[in-house]
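Colleague: Mind having a look at this structure? Questions to follow.
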Amino acid sequence: MVGDDDDDPTAVRSLALSPEDAANAYAYTRENPGEAVLRVTPPFHGRMRARLHVYRRDDTELTGAVHVSPAAVIEADVVEGYPTLETELEGADVAETERFRKRHAEAVDAWRTRARNAIVETVALETDEGPHLVEIKQLG
């Protein structure tokens, strides 16, 4: 039987997540409309799986889910090193634009590799009682 405690994210001690999901979620949010997060859904228990979730409307109030920003699980220096296309495209002509887009796609792929290797050991879940620190267990 599901009790009220199953809706309490402070029951979570560790999150299992795919480093690829974390890297892809961060890159998606930077390159597309909408937002990608790592989502944890009730019922909550000690060990939970965080999965990539893309949305345009935050439904956490309705679902009780907890959203973890991918930037929170990737080392800060790697997050800060995400390649941007906009600065390279300023003042470029059409031929240069295609070359820059290709180079940007290659840079993002290289960044994703770095990000998959830069997953932090702990992350704070935002709860009604404040931040709740949990361990990260990498999958794959």
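The values are calculated or read from the model by the stated rules, or taken from the named source; none is laboratory data. All figures in this text were calculated on a predicted structure; none of them were measured in a lab. Glycine gets a Cβ as well: all are built from the backbone with ideal geometry, and neighbour counts include every protein chain shown. Ligands, DNA and RNA are excluded from the accessible area calculation, which covers all protein heavy atoms including side chains. Shrake-Rupley method; radii C 1.70, N 1.55, O 1.52, S 1.80 Å.
Colleague: In a shell of Cβ-Cβ distance under 11 Å around GLY81, excluding GLY81 itself, what net charge do Lys and Arg (+1) and Asp and Glu (-1) give?
Modeller: Overall, the nearby charge balance is -2.
Colleague: Taking the range 1-138 on its own, what percent of its Cα-Cα pair distances exceed 21 Å? If you can, show how the numbers build up before the last one.
Modeller: Details: 4509 of 9453 pairs.
Tail of the P(r) past 21 Å holds 48 percent of the pairs.
Colleague: Here's another thing I want to ask about it. Only Cα pairs under 8 Å and at least 6 apart count here; give the relative contact order of the range 11-140 as a rounded whole percent.
Modeller: 32
Colleague: Just subtract the alpha-carbon distance of ALA95 and ASP6 from 0.36 nm times their residue separation and send over the number in nm, one decimal.
Modeller: 26.4 nm
Colleague: While we're here: Roughly how many Å² is the accessible area per residue of the chain, as a whole number, for a 1.4 Å probe? Intermediate values should be presented prior to the final figure.
Modeller: Working: 8540 Å² over 140 residues.
With all protein chains present, the chain gives 61 Å² per residue.
Colleague: Let me ask something else. How big is the gap, in Å, between the Cα center of the range 50-85 and the Cα center of the range 107-137?
Modeller: That distance is 9 Å.
Colleague: Sum -39500 (n - 2.57) across every DSSP H segment of at least 4 residues in the chain, then divide by the residue count to get the 222 nm mean residue ellipticity, nearest 500.
Modeller: After summing the helix terms and dividing by residue count, I get -10500 deg cm²/dmol.
Colleague: Oh, and also: Just the number, please: carbon plus sulfur as a percent of the accessible area of the chain, 1.4 Å probe, no ligands or DNA/RNA counted.
Modeller: 47
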